[in-house]
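Let me begin by presenting the structure, written as structure tokens, before commenting on it.
The values are calculated or read from the model by the stated rules, or taken from the named source; none is laboratory data. Fair warning: this is a prediction, and the values are worked out from it, not measured in the lab. All Cβ positions, even for glycine, are placed from backbone atoms using ideal geometry, and neighbour counts span all protein chains on display. These area figures cover heavy atoms from the full protein model, side chains too; ligands, DNA and RNA do not enter into them. Shrake-Rupley method; radii C 1.70, N 1.55, O 1.52, S 1.80 Å.
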Amino acid sequence: METLSAIKPLINWLPNANSPLLIAGPCSAETEEQVLETAKQLAEFTTAQIFRAGVWKPRTRPNSFEGMGEEALKWIVKAGKQTGMLTMVEIANAHHAEKALEAGIDILWIGARTTVNPFYVQEIADALIGTNIPVMVKNPVNPDLQLWLGAFERLHKVGINKLVAIHRGFSSSTETVYRNNPDWAIPIELMRIAPKLPIICDPSHIGGKRDLLHQISQKALDLGMNGLMIETHPNPDQALSDAQQQITPCRLKELMDGLVLRKKASNDSEFNNKLVEMRAEIDAIDRMIMETIARRMKVIEEIGKYKKLNSITILQLERWTQILQNTRNYADIIGLDREFIISVYNQIHLESIKLQTEVMNE
Ligand code: PEP
Ligand code: MN
């Protein structure tokens with residue numbers, strides 16, 4: 001994307017960055033002791049290079065713990081000095097930005113509830129003019145790639161070129177196993193249109209519970225994301241926020257050790273040739289899928305004309321219910337995931353209705 005052209009690759013401003021880069025620390029800074037102890041254990045057991053902690057906590061309901069505020073910044077800076085890790089806090093407005101800069105925090109992040117609001121993002125961008133401090137931007141709570149991109153553009157425009165995206169999942173109206181639906185297609189699209197922008201996955205806020213961390217982290221790495229941000233606490237069950245998703249630094253080490261790191265590409269020509277062959281097969285199949293859909297749409301057009309001629313409504317609920325039923329059964333027979341196929345058919349059906357509406361209006 002042209003407007004984000006000057007983004008600096010992570011390796012330029014964090015030359016020792018591990019791959020994957022590990023960011024860890026508690027959801028919230030609770031006490032000086034807890035902050036220092038978490039950082040100490042992280043430095044001892046893990047490869048974490050950036051220490052995170054929230055001091056102003058955006059909470060859904062007002063009676064939850066809302067963070068220790070400004071005074072906790074010095075605990076975090078102290079933890080960084082004691083361990084050599086870089087420090088990182090969430091800021092949600094210009095005042096937070098000023099306080100974090102004054103305290104000497106190394107990296108800032110903008111939370112999901114702030115990325116949704118262009119006024120706040122602009123206010124933060126203005127407060128950071130002339131600093132070129134690294135800023136990581138979490139995706140907005142709603143699945144809107146444009147808002148996420150807009151936040152990068154606002155920061156980039158004021159001269160911040162050390163930018164990183166954090167994928168933390170999206171609110172969803174349907175219940176899923178996740179706290180925030182990962183909606184992987186959105187970060188993948190971001191990676192496609194802003195290939196220079198590093199992207200980190202936050203499995204803690206996507207999963208919302210410990211037993212999902214491994215699966216989400218592995219998926220993020222398999223998609224080629226540059227790192228992970230994982231909430232850690234010396235005593236997770238006692239944490240004042242997000243207790244169910246935090247893990248001990250020791251457990252974080254085990255989690256990282258259990259992840260498979262795969263290469264982005266190979267030098268093996270036999271592998272590469274085979275891959276080219278299989279990709280050609282996929283391309284041919286994709287063309288067949290499209291040609292088949294085009295044929296279906298032709299018939300739909302005919303049906304539209306025929307219904308128009310006989311003054312029949314476009315949507316025939318019984319027919320649609322029957323198609324869904326047939327599709328479900330056939331998906332089972334040929335071993336395709338039912339929900340996946342139904343979602344594809346929902347799209348095809350919407351397009352078919354659109355086409356028939358056009359025919360009716362001709
Ligand atoms: C956090 O990282 O502690 C946090 C509040 O995250 P999010 O903005 O993703 O909800
Ligand atoms: Mn949290």
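Assorted remarks:
- Hits in the stretch 146-175 (condition: open to solvent by 40 Å² or more (accessible area, probe 1.4 Å), assigned to a loop (DSSP other than H, G, I, E, B) and either within 16 Å of ligand 1 (Cβ to nearest atom) or touching a residue at least 24 places away in the same chain (Cβ under 8 Å) (or both)): 159, 162, 171, 172
- Looking at 11, 76, just one residue is more than 24 Å from the chain's Cα centre (by Cα), of a type in the set (Val, Ile, Thr) and over 17 Å from residue 238 (Cβ atoms), and that residue is 76.
- Scanning the stretch 183-200 for residues that are crowded, with 21+ Cβ neighbours inside 10 Å, within 9 Å of the chain's Cα centre (by Cα) and of a type outside the set (A, V, I, L, M) yields a total of 1.
- Residue that is outside any helix (DSSP H, G or I), within 16 Å of ligand 1 (Cβ to nearest atom), open to solvent by less than 30 Å² (accessible area, probe 1.4 Å) and in contact with a strand residue (DSSP E or B) (Cβ under 8 Å, 6 or more places away or on another chain), where the choices are 252, 240, 228: 228
- Restricting the first member to the stretch 254-278 and to residues that are farther than 21 Å from residue 20 by Cα, and the second to residues that are of a type in the set (Gly, Ala, Ser) and open to solvent by less than 100 Å² (accessible area, probe 1.4 Å), the beta-carbon pairs closer than 7 Å and six or more apart or on different chains are 272/266.
- Taking the stretch 111-142 as the range and being open to solvent by 10 Å² or more (accessible area, probe 1.4 Å), of a type in the set (A, V, I, L, M, F, W, C) and within 25 Å of residue 201 (Cβ to Cβ) as the test, the residues that pass are 116, 133, 141.
- All conditions but one from (1) within 15 Å of ligand 2 (Cβ to nearest atom); (2) out of contact with any strand residue (DSSP E or B) (no Cβ under 8 Å at 6 or more places or on another chain); (3) within 26 Å of residue 63 (Cα to Cα) apply to residue 247; the one that does not is (2).
- Qualifying residue in the stretch 292-311 (condition: in contact with a helix residue (DSSP H, G or I) (Cβ under 8 Å, 6 or more places away or on another chain), surrounded by 10 or more Cβ atoms within 10 Å (Cβ to Cβ) and free of Cβ contacts under 8 Å to residues at least 40 places away in the same chain): no
- Segments classed as helices (runs of 4 or more DSSP H), wholly inside the stretch 41-145, with at least 1 members that are of a type in the set (Phe, Trp, Tyr): 71-83, 118-127
- The set of residues from the stretch 93-110 being free of Cβ contacts under 8 Å to residues at least 40 places away in the same chain and buried (at least 19 other Cβ atoms within 10 Å of the Cβ) comprises 97, 100, 105, 108.
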